[in-house]
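Below is one structure, written out as structure tokens, with a few remarks after it.
The values are calculated or read from the model by the stated rules, or taken from the named source; none is laboratory data. Since we're looking at a predicted model, the values are computed, not measured. All Cβ positions, even for glycine, are placed from backbone atoms using ideal geometry, and neighbour counts span all protein chains on display. All accessible areas refer to the heavy atoms of the entire protein, side chains included, with ligands and DNA or RNA removed. Shrake-Rupley method; radii C 1.70, N 1.55, O 1.52, S 1.80 Å.
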Amino acid sequence: MTLDQGLILDGLTITLGDRRLVALSLAIRGGEVATIMGASGSGKSTALAAITGTLPPEFRRTGRILLNSKDISDRPTRLRGVGLMFQDPVLFPHLSVGGNLAFALPAHVTGRSARRLRIDAALASAGLEGLADRDPATLSGGQKARVALLRTLLAEPKALLLDEPFSRLDADLRAQIRRFTFDRAKAAGISTLLVTHDVEDARAAGGPVLSPLGETLPL
Amino acid sequence: MPPLTLGLMTLPIAAGLAGTALPAFGNGGAGIEKLLAWPGLPKSVALSIGTGLVSTLLALALTLLILAAFAGTPAFARIRRGLAPLLSVPHAAAALGLAFLIAPSGWIARLLSPELTGWQVPPDLLILNDPLGLSLTLGLVAKELPFLLLMALAALPQIDADRRLTTAATLGYGRIAAFTFTLLPDLYRQLRLPTYAVLAYGMTTVDMALILGPTLPPTLSAQITLWMGEANLTMRDTAAAGAVLQLVLAVLAISLWRVMEIFTKRALIAIAFTAPRLALIDRPAAFIARLAALLITGTLAFGLAGLSLWSVAGLWQFPDAWPEEITLRTWATAGPSLRETSATTLIIATGATLAALALALACLQAEASLHLTPTKRALVLLYLPLLVPQIAFLPGLQMLALPLGLDGTVAAVMAIHLVFVLPYVFLSLSGPFRAWDGRIATAAATLGASEARIFWRLRLPMLTGPVLTAAAVGMAVSIGQYLPTLMIGGGRVETLTTEAVALSSGGNRRLIGAYAVLQLLLPALAFSAALALPLWLWRDRRLMRGLG
């Protein structure tokens with residue numbers, strides 16, 4: 001793997017009025033998890049919005065975002081190949097668990113049975129066998145979190161962004177889901193950027209830890 | 001809002017106003033001369049202004065009183081459940097129900113006679129169509145109070161009502177004073193346009209005025225309609241001049257209302273400085289509020305029950321409180337024409353509602369994807385068809401449509417209904433549409449979904465409930481339209497409402513009852529479907545049914 005593979009933030013700065021919220025230069029190789037840490041309101045989520053392409057118009061961005069050596073800075077969100085996990089699972093409430101996963105499955109997986117097989121296999125790989133027809137609202141918190149991650153990964157993203165995805169989970173569940181998420185991202189070989197205010201999350205990520213303004217933070 | 005929709009809403013109004021103004025001022029002002037020469041003019045003008053202002057004042061005052069006394073209490077939920085269904089009752093049906101209730105030969109007189117009154121025949125009293133327009137005012141209050149109340153309910157959460165009331169209560173304020181000093185100014189700002197719409201409607205309603213209002217002379221708007229309906233067309237210019245006058249009166253009344261707003265606000269600020277807690281008026285105020293809610297719900301409920309009873313009544317002589325036999329004879333005899341009229345009504349309502357839904361959804365989706373924020377001016381334009389009196393621009397539109405051969409078709413009626421259906425559909429849909437969780441769209445976009453796919457597969461299905469509710473609102477609005485149907489339909493397109501109003505001057509109570517029952521039933525069915533369908537559709541989706 002060459003150096004320009006993975007997610008690269010090339011002098012990415014974001015300002016709101018006179019205030020500079022984000023200033024990052026960072027290369028995350030495939031399978032690596034980098035962390036941006038800071039208090040709430042420090043611009044962590046703004047950085048993620050810039051990478052997904054959902055930055056509100058009042059923010060100003062300079063610098064480039066490269067993914068596998070392509071400049072994706074101005075592409076529409078859906079064409080960036082960047083997956084995103086929120087604090088909440090944000091499952092589509094009107095679709096079944098299987099329907100949620102099918103929504104993410106790329107169109108190149110054709111045929112009903114082939115798609116169904118992929119979904120069942122994904123569920124089985126996460127210990128969620130037989131839940132395809134369930135209402136997502138009836139799942140436990142841990143199950144929802146795993147379905148959300150499966151959904152994100154089924155879309156075959158080239159980079160994964162995690163926006164404090166563990167902060168709403170109970171303490172015992174937290175470590176388990178965190179491990180599950182990082183293992184999956186590493187196994188898929190994709191660049192992962194975690195945003196958190198929790199030192200434990202940053203430690204578990206095992207990669208570089210930066211503030212939104214680019215300072216390296218000690219753990 | 002995108003230009004196409006704006007044009008669709010404003011163009012017919014502008015064209016109609018122009019079409020009204022031209023004949024009014026044309027021909028050397030002959031129309032104006034004839035209007036001014038009409039001896040009934042001063043009285044009919046006074047009636048229009050009087051019934052409009054008084055009914056709006058009463059409806060608004062009672063709405064605020066009910067809110068002040070009960071907002072946030074368990075009793076409020078009951079009042080709301082009682083009043084909300086009344087919103088779907090067409091104006092004409094409500095008026096007919098009221099007429100059947102309070103007429104000298106109506107249900108109230110029958111219940112009291114002959115034991116209490118000694119009446120063996122209906123007394124010769126002018127209760128209905130009274131010269132002062134009191135029964136018309138009562139009908140307007142009963143019909144507009146539920147509308148204002150539901151508009152206020154939508155506004156309350158936005159102004160943080162519960163916490164403000166609690167804060168005021170901890171400072172020792174009574175409920176009424178707390179509401180008046182901490183909520184009323186902000187609440188009224190959101191109620192202003194609906195109130196103006198109520199005022200404009202109250203001054204210029206035709207169907208309610210024809211059923212409940214005075215006759216010699218009638219209100220100005222009713223007289224204009226009578227002139228427009230005359231066979232020999234010579235009164236057209238007089239009608240047009242009257243329509244222009246009616247518009248001027250509506251503008252004057254709204255301006256007067258605005259001045260009253262300013263004075264009321266000043267007075268409130270001055271009184272608030274002396275900080276009266278007024279805890280003692282809470283109990284009497286609550287009593288009046290409860291009485292008003294009960295009276296309005298009861299009046300309409302009994303009136304509508306009376307209509308239904310007449311439609312199945314056999315022989316029912318005065319002063320019997322109950323018909324001698326219950327029979328479906330009226331329904332059987334009138335069956336074919338009832339069916340045909342219902343079908344026409346439904347076709348028009350469905351067409352106008354589907355078009356309104358498509359336009360409203362397109363506008364809202366454009367607003368969301370282009371990150372537009374709704375402006376105040378757009379809101380005023382949205383309200384325009386509700387603020388400009390129908391009687392002021394429909395005659396002009398009819399006179400424009402006549403030479404083009406556009407009048408008198410179902411399609412033309414559908415198109416004019418769309419102008420009035422769209423604002424209500426948009427208002428009903430915009431709240432839930434804008435409140436939709438935007439993270440769903442972001443999540444879907446990062447999964448590679450296009451905007452179209454997000455709309456059709458996620459946003460629209462998730463908004464099934466609100467879309468169906470908006471559709472039911474649209475159906476109810478269309479079914480209730482009288483004047484647009486009459487004017488643009490040129491008397492050749494008959495709906496349940498035009499038929500019911502046309503019959504109201506005759507004496508066939510059984511047939512009136514049958515038409516009015518259908519007028520009630522169709523919107524009620526639409527609302528029931530809008531409630532039931534999502535529950536069935538989402539029977540396996542807890543979150544979609546609003547459960548945790």
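Phi angles of segment B:39-52 translate, via the Karplus equation with coefficients 6.51, -1.76, 1.60 and θ = phi - 60°, into HN-Hα couplings of x, x, 4, x, 5, 5, 5, 4, 4, 4, 5, x, 5, x Hz per residue; Gly and Pro are given as x. Under 19 Å from a label point set 7 Å out along the Cα-to-Cβ vector of B:Leu294, the amide N atoms of segment B:73-101 belong to B:73-84. Across the protein assembly as shown, Cα-Cα distances exceeding 50 Å account for 31% of all pairs. In the context of the full set of protein chains, residues of chain B present 44 Å² of accessible surface per residue (probe radius 1.4 Å, heavy atoms only). Answer with one residue from B:Gly72, B:Ile254, B:Thr117: the one whose Cα lies farthest towards the positive end of the charge dipole of chain B, charges on Cβ with Lys, Arg +1 and Asp, Glu -1. About the Cα centre, the residue reaching furthest to the positive side is B:Gly72. Averaged over the residues of A:87-93, the number of partner chain Cβ atoms lying within 10 Å of the residue Cβ comes to 5. The value obtained for segment B:396-527, namely the Cα convex hull volume divided by the number of residues, is 126 Å³ per residue. Projecting the Cα positions of B:Leu8, B:Ile288, A:His108 onto the charge dipole of the protein assembly as shown (unit charges on Cβ atoms of Lys, Arg, Asp and Glu, taken about the Cα centre) puts A:His108 furthest along the positive direction. Each Lys or Arg adds one and each Asp or Glu subtracts one; over the other residues with Cβ under 12 Å from the Cβ of A:Leu161, this totals +1. On full extension, the segment bounded by B:Ile326 and B:Ala435 gains 34.3 nm, given 0.36 nm per residue less the C-alpha separation. Bin width 20 Å, alpha-carbon pairs only: give the P(r) of chain B as whole percents, running from 0 to the bin holding the largest distance. That works out to 20, 53, 26, 2, in percent per bin. For the pair B:Ala378 and A:Ser140, a Förster radius of 45 Å applied to the C-beta separation gives a FRET efficiency near 0.50, rounded to the nearest 0.05. Here's how it looks for A:Ile36: its modeled amide H is under 5 Å from those of A:Leu194, A:Val195, A:Thr196, A:Leu210, which are all 5 or more places away or on a different chain.
Along its first, second and third principal axes, ordered by size, chain A spans 51, 38, 36 Å in Cα coordinates. Modelled spin labels at B:Val259 and A:Asp74, positioned 7 Å past Cα toward Cβ, are 5.8 nm from each other. Between B:Arg189 and B:Val251, the contour length at 0.36 nm per residue exceeds the alpha carbon distance by 20.4 nm. Taking 10 °C and 1.306 mPa s as conditions, segment B:38-305 diffuses translationally at an estimated 79 µm²/s according to Stokes-Einstein applied to its Kirkwood radius (Cα pairs). Distance between the 7 Å Cα→Cβ label points at B:Ala272 and B:Thr333: 6.2 nm. The C-alpha atoms of chain A define a longest principal axis, and helix A:112-125 lies at about 70 degrees to it. Peptide A:75-86 is shielded by partner chain Cβ atoms: per residue, an average of 4 of them sit within 10 Å of its Cβ. Alpha-carbon geometry of segment A:35-100: the Rg and the Dmax are 14.3, 41 Å, given in that order. Working value for segment A:1-85: equivalent-ellipsoid semi-axes of 21, 15, 12 Å, each the square root of 5 times a Cα gyration tensor eigenvalue, largest first. In the full protein context, chain A carries 43 Å² of accessible surface per residue, based on a 1.4 Å probe and ignoring ligands, DNA and RNA. Show which lysines lie in cross-link reach of B:Lys34 when reach means a straight Cα distance below 27 angstrom and same-chain residues fewer than eight apart are skipped. Cross-link targets: B:Lys43. Taking each of B:Lys143/B:Lys265; B:Lys265/B:Lys376; B:Lys143/B:Lys376 in turn, the alpha-carbon distance tops 23 angstrom for B:Lys143/B:Lys265; B:Lys143/B:Lys376. Here the dipole of the protein assembly as shown is about 1580 debye; that uses its Cα centre as origin and unit charges on the Cβ of Lys and Arg (positive) and Asp and Glu (negative). For B:Arg434, what is the net charge nearby, where nearby means another residue's Cβ is under 12 Å from its Cβ and Lys, Arg count +1, Asp, Glu -1? With Lys, Arg at +1 and Asp, Glu at -1, the neighbours total -1. In this simple spin-label model, placing a label point 7 Å from the Cα along the Cα-to-Cβ direction at both A:Lys186 and B:Ala362 gives a separation of 5.4 nm.
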